[in-house]
């Protein structure tokens, strides 16, 4: 989930719909079975198509711009990165039944980190994610998509969600709200001073795949990617890791203190609005506790 921007009617997406879309638009794949994936996302729904392909459909109209972006840019980024990323195979057309564009990709094997349990002390995983982000930042940016509606303004300063963040802080206990406002002031006191760089935009456990040994093997879901301030990609320092693993992530990624302050702002905003909507959410509570220390 990318924030609170997507409160809109969502089309009903199931295997039957995917079957009808594939059979009508890509008859060469009519004989391939369709089945849900083990872990699905919020912005998009994903289904296996046979053994070698997957189908990815935006779950609401607010995500439709991401389809064309991924179709254009993922093939350009893939050769520059140290790990596999989704490879587009075909782009599906909107229909009366499903009025959004959609994609067919090569299937990427792996188990999402979100299904592995507690990885907060996994320094090797933290370093692997950091190395991937460093390589992504080095990719050429000419003509690449800047922050906008296609990615809910990831890559912009966190102040873009200032009104929402400050309102969410008022729902926190008083001592936490005071600390949150102080950290938010730090997060919004600086801007990215360098040239725009590539970022993923949603470095979350559900978008990181591992092999049988638990080693990072692929990174998926570039729907909120773009070029700008990379601070939004540093949130795993609070959402995923603690102690030596967090230190390993920080050291591998590099970047200056101001960027880390903005990163903490992004993590703080997301934790606060999640708790606003789901006060008992355990992951958001853990993240907020790490941020406010």
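The values are calculated or read from the model by the stated rules, or taken from the named source; none is laboratory data. Quantities reported herein were computed from a predicted structural model and do not represent experimental measurements. A quick note on method: Cβ atoms are made from the backbone with ideal geometry, for glycine too, and the neighbour counts reach across all protein chains shown.
Structure summary
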| read-out | value |
| --- | --- |
| Sole exception among (1) free of Cβ contacts under 8 Å to residues at least 60 places away in the same chain; (2) part of a helix (DSSP H, G or I); (3) under 18 Å from the mean Cα position of the chain (by Cα) for residue 79, by number | (3) |
| Single residue of 159, 70, 142, 163 found to be assigned to a helix (DSSP H, G or I), farther than 27 Å from residue 240 by Cβ and either out of contact with any helix residue (DSSP H, G or I) (no Cβ under 8 Å at 6 or more places or on another chain) or not assigned by TED's automatic domain parsing to the domain that holds residue 37 (or both) | 163 |
| The range 15-46, residues that are outside any loop (DSSP other than H, G, I, E, B) and either modelled with pLDDT under 95 or closer than 17 Å to residue 114 by Cα (or both) | 36, 44, 45, 46 |
| Checking residue 108 against (1) under 22 Å from residue 73 (Cα atoms); (2) in contact with a helix residue (DSSP H, G or I) (Cβ under 8 Å, 6 or more places away or on another chain); (3) buried (at least 16 other Cβ atoms within 10 Å of the Cβ), the condition it does not meet | (2) |
| Among the candidates 244, 271, 231, 237, residue that is in a helix (DSSP H, G or I) and more than 23 Å from residue 135 (Cα to Cα) | 271 |
| Lone qualifier among 287, 252 - being surrounded by 20 or more Cβ atoms within 10 Å (Cβ to Cβ), in contact with a helix residue (DSSP H, G or I) (Cβ under 7 Å, 6 or more places away or on another chain) and touching a residue at least 12 places away in the same chain (Cβ under 8 Å) | 287 |
| Residue tally, condition assigned to a loop (DSSP other than H, G, I, E, B) and crowded, with 20+ Cβ neighbours inside 10 Å, over the range 208-227 | 6 |
